[in-house]
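Participant: Have a look at this one.
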Amino acid sequence: VHISQIASYKIEDVNDAVSMGDTVYVKVLAVEKYVDENNNNGGGGAKTKHKIRLSMQYADQGTGADLDPDNERAAAAATKNG
């Protein structure tokens with residue numbers, strides 16, 4: 001989880017919000033497929049990979065409930081942040 005997706009307020013230090021080994025709830029914001037053109041492992045050329053965007057902001061940390069079921073807040077934040 002990227003630091004910007006841990007809370008709806010600015011976090012200076014990740015350790016102020018979570019600790020290694022903590023169990024947290026997340027919402028999957030997106031699964032993006034991309035081709036890694038620089039993959040030289042094994043000489044097989046480009047390799048398809050996946051990037052998963054996660055957010056703790058939109059998951060209730062007590063129950064795991066989706067706090068943004070219609071994705072309105074996440075979409076507005078994505079538009080605001082580019």
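Participant: Could you list the square roots of 5 times each eigenvalue of the Cα gyration tensor of the chain, that is, the equivalent ellipsoid semi-axes, sorted largest first and rounded to whole Å?
Facilitator: Details: eigenvalues 164, 57, 33 Å².
Square roots of five times the eigenvalues give 29, 17, 13 Å.
Participant: Under a point-charge model restricted to the Cβ atoms of Lys and Arg (+1) and Asp and Glu (-1), what is the dipole moment magnitude of the chain relative to its Cα centre, in debye to the nearest 20?
Facilitator: The dipole magnitude comes to about 360 debye.
Participant: Additional query: Taking the dipole about the Cα centre of the chain, with the C-beta of Lys and Arg at +1 and of Asp and Glu at -1, give me whichever of 6, 55, 38 is farthest to the positive side.
Facilitator: So the residue we want is 38.
Participant: Moving on to the next point. Please turn the phi angles of the stretch 15-27 into ³J(HN,Hα) values with the Karplus equation 6.51 cos²θ - 1.76 cosθ + 1.60 (θ = phi - 60°), one per residue in order, whole Hz, x for glycine and proline.
Facilitator: Computed from phi, the couplings for the stretch 15-27 are 5, 6, 10, 9, 10, 3, x, 4, 8, 10, 9, 9, 10 Hz.
Participant: As I understand it, the value is the acute angle between the Cα axis of helix 72-81 and the longest principal axis of the Cα atoms of the chain; what does it come to in degrees, rounded to 10?
Facilitator: 60 degrees
Participant: Which peptide among 14-20, 73-79 comes first, and what is the full order, when sorted by highest mean count of other Cβ atoms within 10 Å? Let's see the in-between values first.
Facilitator: Details: 14-20: 11.4, 73-79: 13.4.
Listed from highest to lowest mean packing, they are 73-79, 14-20.
Participant: Give me the count of lysine pairs in the stretch 1-60 whose alpha carbons sit under 16 angstrom apart, restricted to pairs 8 or more positions apart or on different chains.
Facilitator: Values: 27/51; 33/47; 33/49; 33/51.
Lysine pairs meeting the criterion: 4.
Values in this text are rule-based calculations from the coordinates and carry no lab data. Note that the structure is a prediction, hence the values are computed from the model and not measured. Note that each Cβ is placed from the backbone with ideal geometry, even for glycine, and that neighbours are counted across all protein chains shown.
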